[in-house]
1. Select, from Phe133, Phe95, the only residue that is of a type in the set (Phe, Trp, Tyr) and free of Cβ contacts under 8 Å to residues at least 40 places away in the same chain.
2. Would you please name the residue that is most open to solvent (accessible area, probe 1.4 Å), looking only at residues in the stretch 249-275 that are part of a helix (DSSP H, G or I) and small (Gly, Ala, Ser)?
3. Select from the stretch 115-133 the residues that are open to solvent by less than 20 Å² (accessible area, probe 1.4 Å) and part of a loop (DSSP other than H, G, I, E, B) and write down the one among them that is nearest to Tyr7 (Cα to Cα).
4. Against the conditions (1) over 28 Å from Arg130 (Cα atoms); (2) modelled with pLDDT under 90; (3) surrounded by fewer than 18 Cβ atoms within 10 Å (Cβ to Cβ), where does Ala210 fall short? Just the number, please.
5. Identify, from the list Pro164, Pro138, the residue that is open to solvent by 40 Å² or more (accessible area, probe 1.4 Å), on the phi < 0 side of the Ramachandran plot and within 13 Å of the chain's Cα centre (by Cα).
6. With respect to the numbered conditions (1) under 25 Å from Leu154 (Cα atoms); (2) in contact with a Leu (Cβ under 6 Å, 6 or more places away or on another chain); (3) at pLDDT below 90, which one is the sole condition not fulfilled by Arg280?
7. Cβ-Cβ distance below 9 Å, separation of 6 or more or different chains: which pairs start in the stretch 38-62 with a residue that is closer than 14 Å to Ile26 by Cα and end on one that is part of a loop (DSSP other than H, G, I, E, B) and open to solvent by 60 Å² or more (accessible area, probe 1.4 Å)?
8. Take the stretch 204-217 and flag every residue that is out of contact with any strand residue (DSSP E or B) (no Cβ under 8 Å at 6 or more places or on another chain) and within 19 Å of Arg175 (Cβ to Cβ).
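The values are calculated or read from the model by the stated rules, or taken from the named source; none is laboratory data. What you see is a predicted model; the values in this text were computed from it and never measured. Glycine gets a Cβ as well: all are built from the backbone with ideal geometry, and neighbour counts include every protein chain shown. We work out accessible area using only protein heavy atoms, side chains counted, and drop any ligands, DNA or RNA first. Shrake-Rupley method; radii C 1.70, N 1.55, O 1.52, S 1.80 Å.
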Amino acid sequence: MRTGTLYLVATPIGNLEDLTFRARRILAEVDLIACEDTRRTRRLLDHYGIATPTLSFHEHNEASRGAALLARLRRGERIALVSDAGTPLLSDPGFTLVREAIAGGIPVVPIPGPSAALAALIASGLPTDRFLFLGFLPRRAGERRRALAAVAGLPFTLVLFEAPHRVAALLEDIRETLGDRRIALGRELTKTFEEIVRGRPDELLAHLRAHPPRGEFTLVVEGAGEGAQQAEGKADAAERLRALLAAGRPPVEAVAAVAREAGISRREAYELMLRLRGKR
């Protein structure tokens, strides 16, 4: 029995003109389009006069809908998987479906196209030869800082996604954990109000204070270079200080201990404590 084909179709991240000719043809020819939000995808399809049926497929119904999609693929149907915007599976559902389709001998065909991560990277002015895509980091501050600390010493350019209401907190965590690195902050890429601001964490935080963040953000962060050891030492010092304070050590004693152990000045250790407490 002939199986169907699963197409992974990249769709515009803002500008509808970015849909490729091949993507348009595939979306018109398949039997079904699985998408995160059928209303959002329908706007794209209507723009191009595509009448293919759609079916919602998102993080809340991925398990049940995934099984149904696999059954249809086994019956020989051709299905396109799209995300709300950009390339499927990058911080979007679909990995399990792709893995099970491959295991079942079902052809999986990528239809490349727009990607917010790559668009921001190539316009960042930072090295593009080696990069690490981190997607969305954890929402909790402690978990987010630990995730950053785990990559603090890597020489790769880092690419991250963040929501507008958390982007300032992420920049503060980058400053504390990774150090004073160069960053390109992309917003509303390819859309009418596209903006890419480049600078150090404090400069970008000042920009956000003057221009309240709106829209989805993509951050491109400089990898570890000559200052990697200093950045790692600062991250370790912050974690040590946090642990001492959590254990009940008086702030004066904790600052003195961290300054001594990390080889930094008491002023630097004191600044770390203020930032940990959200006073800087």
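1. Phe95
2. My answer is Ala262.
3. My answer is Ser115.
4. Failed condition: (2).
5. Unique residue meeting the criteria: Pro138.
6. Unmet for Arg280, out of (1) under 25 Å from Leu154 (Cα atoms); (2) in contact with a Leu (Cβ under 6 Å, 6 or more places away or on another chain); (3) at pLDDT below 90: (1).
7. Taking only residues 6 or more apart or on different chains, the pairs are Leu45/Ala51; Thr52/Asp31; Pro53/Asp31.
8. Leu205, Ala206, Leu208, Arg209, Ala210, His211
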